[in-house]
Amino acid sequence: MRESIARAAALGSTILIVAAAAVFAWLQQAEQPGQAERPASDPHGPTEVEAPPAAAVADGLVERGMEVYEALRCASCHAIDGVGSPRSPLDGVGSRLDADEIRLWIVDPQRMRPGIRKPAYDDLARDDLEALMAYMESLRASGD
């Protein structure tokens, strides 16, 4: 009887923690700047096409990388800012690894650490791989 109650309490706690993490992630995403909508008076944007600044392109690539990270369900094995599985945190990975090392961890993790139980995402579309790499490179340690 006690064991059943303990299991039910553990399950309930787990559900609460996961729900709280999801709400927190949703709130964080909603508060990010740069998500403003176009004004109603200009529904199609500017009439002249200008090349976006390099920083804006990089920000768009990082944002796309975040989407790829979510689509691949990377948080089931990794955590960023405490969100996801704590067993393999990615905080500061952009400070620890260069672009080639990040690429290898994604497409051929066995070359980085033989015997590791991590899937190789060697079939990712090139654009998705570059976006995911940009996102990982953007995860810098504080002070970098």
So, in nm, how far is label Ser4 from label Ala125 when the simple model puts each one 7 Å beyond its Cα toward the Cβ? 5.1 nm
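Averaging sequence separations of C-alpha pairs under 8 Å and six or more residues apart, then dividing by the length of region 55-105, give the relative contact order as a whole percent.
Details: 30 pairs, mean separation 8.9, N = 51.
Over region 55-105, the number comes to 18 percent.
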Say each of Glu63 and Ser95 gets a label point 7 Å from the Cα, pointing the same way as Cα to Cβ; how far apart are those two points in nm? 2.6 nm
For the pair Val83/Ala141, report the inter-label distance in nm, with labels modelled 7 Å from Cα in the Cβ direction. 2.4 nm
Looking only at region 65-88, which residues have a backbone nitrogen under 16 Å from a spot 7 Å from the Cα of Arg113 in the C-beta direction? 75-80, 85-88
Heavy atoms of Asp100 accessible to a 1.4 Å probe, total area in Å² rounded to 10: 110 Å²
May I ask you to give the percent of accessible area on region 59-127 that is carbon plus sulfur, with a probe radius of 1.4 Å? 50 percent
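The values are calculated or read from the model by the stated rules, or taken from the named source; none is laboratory data. None of the values given here were measured: they were computed from a predicted structure. For neighbour counting, all protein chains shown are included, and Cβ atoms are generated from backbone atoms with ideal geometry for every residue, glycine included. Just the protein is used for accessible areas: all its heavy atoms, side chains included, with ligands, DNA and RNA removed. Shrake-Rupley method; radii C 1.70, N 1.55, O 1.52, S 1.80 Å.
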